[in-house]
Amino acid sequence: MKYDLLIQGGTLVDPAQGVNAVRDVVFVDGEVTDVGENLAATEAREVIDASGRYVTPGLIDVHVHVFPGVSFLGVEPDPTCLARGVTTVVDAGSAGADTFPGFRKYVIEVSQTRILAQLNISSQGMLSRHVGEFALPEYADVDACCRMIEQHRDLILGVKVRLTKNSIVAQSAGMTPLHRAREAADAAGLPIMVHPQAAWCDSIDDILKVMKKGDILTHTFHGSACGIMDGDSGKVRASVLDAIERGVIFDVGHGAGSFSWDVVEAAMAEGVLPMTISSDLHTGNINGPVYDLANILTKFLHLGLSLDDVLARVTSVPAAAVLMQDRIGTLAPGAWGDAVVFELREGTYNLEDCHGGVRTGMRSLEPVIVIKDGRVYREEKPS
């Protein structure tokens, strides 16, 4: 047999290649080796008939929390991410310098999901909902952060900082964590990812002026203080438009409290779109309103983005942001063999935001088959 796996007859949607057409995809030794039409099924050990369905690169979620048993927000990555079509995730600051070695050994290296990370500038990471990452300013440890990055550059993509006052950042720490995250990231030559809402500052302007090209502002469409909308004019703040021009990446980061229909609809009416779509999946939202990344994609289909535009924001765009565009986020020959077979189902779907708002969607993306490293992922069931 020439092929390990052949996906046949599906509509391939691969924004990196500009493809939206019926194509067959071949996998050998964990990689994509051929994309074409009417490839011979007799040459394959396993054949998936994807007729009437969509075939996409494995999804990339740039904001999740997958450090279960240590971080209070951590979920198991394989049943919650990989089983739902997300083959690559970026854990957004669950681990800090004190806890990252354990995260690597006990989660990253034993999971089938490909896990990368933003290292929390807080040395303890996100351990407890009862003790904020910056209950003490000293937890924002630049030297420890930089040492850990140097030891794990193959996995750490940047430095994460959460800025919500009181519950995360004590008044004594103020905006110090942001500036220390900037200092550590600059020393390491990496970007920062910022969780901005309700910070110890007057507005998001004070946060955005610290951010540079390639940095990620997550929770873009939250409805709390330090948001992207100007409270007086009801328009997108000038500092946001300036940051977009500078190359700051605005990410969805839906989460349990960070997605407002009113905010996203107002922003998109002005042409402000997310550059990446992420879930912020964790223990507090896996049973709603997030559920999984596919549910967030369904919301942006409802908001009027095309299927190609939605999928680009979870494939080619994040792959380029993490400088892995030749390996993930595409099904071009030579890429790692990660793919999803989707059904685009028609019906009536209640789509919740984080504040009680509901919109009614007429289509829903549902992952039905997941391929990781050229093999069909089959979730292990408890015996």
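Coordinate-derived values only; no laboratory data. For clarity, every value in this text was computed on a predicted model and none was experimentally measured. Positions of Cβ are backbone-derived with ideal geometry, glycine not excepted, and every protein chain shown enters the neighbour counts.
Taking only the alpha-carbon positions of the range 154-219 and ignoring solvent, what does the Debye formula give for the base-10 log of I(q)/I(0) at q = 0.23 Å⁻¹? So the normalised log intensities are -0.95. Return one number: the angle in degrees, 0 to 90 and rounded to the nearest 10, between the long axis of the Cα atoms of helix 142-151 and the longest principal axis of the Cα atoms of the chain. Value to nearest ten degrees: 20. For every other residue with a beta carbon closer than 14 angstrom to the beta carbon of Gly234, add +1 if it is Lys or Arg and -1 if Asp or Glu, then tell me the sum. It works out to a net charge of -3.
Taking a straight line from the alpha carbon of Lys209, these lysines sit under 26 Å away, with near neighbours fewer than eight places off in the same chain left out: Lys160, Lys165, Lys235.
Just from its helices, what would the mean residue ellipticity at 222 nm be for the chain, if runs of 4 or more DSSP H residues each count -39500 (n - 2.57) and the sum is divided by every residue, rounded to the nearest 500 deg cm²/dmol? When only DSSP H runs of four or more count, the value is -5500 deg cm²/dmol. Calculate, for Ala225 and Asp143, the FRET efficiency according to 1/(1 + (r/R0)^6) with r their C-beta to C-beta distance and R0 30 Å; round to the nearest 0.05. According to the calculation, E is roughly 0.40. Using only side-chain charges placed at the Cβ, +1 for Lys and Arg and -1 for Asp and Glu, the dipole size of the range 35-103 relative to its Cα centre rounds to 100 debye.
Between Gly36, His222, Leu136, the Cα set farthest toward the positive side of the dipole of the chain (charges on each charged residue's Cβ, about the Cα centre) is that of Leu136. Across the range 273-352, the fraction of Cα-Cα pairs farther apart than 15 Å, rounded to a whole number, is 63%.
For the chain, a simple Cβ point-charge model (Lys and Arg +1, Asp and Glu -1, everything else neutral) yields a dipole of about 360 debye relative to the Cα centre.
Once the Cα atoms are used to define both axes, helix 176-188 deviates from the longest principal axis of the chain by about 50 degrees.
Distance between the C-alpha centres of the range 44-100 and the range 183-233: 25 Å, rounded to the whole angstrom. Each residue of the range 291-303 was assigned a 3J(HN,Hα) from its phi angle through the Karplus curve 6.51 cos²θ - 1.76 cosθ + 1.60 (θ = phi - 60°); the sequence is 6, 6, 5, 4, 5, 5, 4, 4, 5, 7, 5, 4, 6 Hz, with glycine and proline shown as x. Between the residues Gly125, Gly257, Ala243, the greatest Cα displacement towards the positive end of the dipole of the chain, with unit charges on the Cβ of Lys, Arg, Asp and Glu, is found for Gly125.
Computed from label points 7 Å out along Cα-Cβ, the spacing between Ser233 and Gln171 is 3.3 nm.
As a calculated quantity, the FRET efficiency between Arg45 and Glu109 at R0 = 22 Å, using C-beta atoms, amounts to about 0.20. Taking the DSSP beta bridges in the chain as the whole, what percent of them are antiparallel, to the nearest 5? If we restrict to bridges inside the chain, about 50 percent are antiparallel.
Sorting Lys213, Lys299 by the number of Cβ atoms found within 10 Å of their own Cβ, with the fewest placed first, yields Lys213, Lys299.
Computed extension length for Val376-Arg359: 2.7 nm, one decimal, from 0.36 nm per residue of separation with the Cα-Cα distance subtracted. Considering only Cα atoms, the convex hull volume of the range 58-321 works out to 110 Å³ per residue.
Specify whether the C-alpha gyration tensor of the range 165-290 places it in the rounded, prolate or oblate class, a ≥ b ≥ c being the square roots of the eigenvalues: rounded for a/c under 1.5, otherwise prolate if a/b is larger than b/c and oblate if not. Judged from the Cα gyration tensor, the range 165-290 comes out rounded (a/c under 1.5). Rg and Dmax of the range 1-155, based on Cα coordinates, read 20.1, 64 Å. As a calculated quantity, the FRET efficiency between Glu245 and Leu323 at R0 = 22 Å, using C-beta atoms, amounts to about 0.50.
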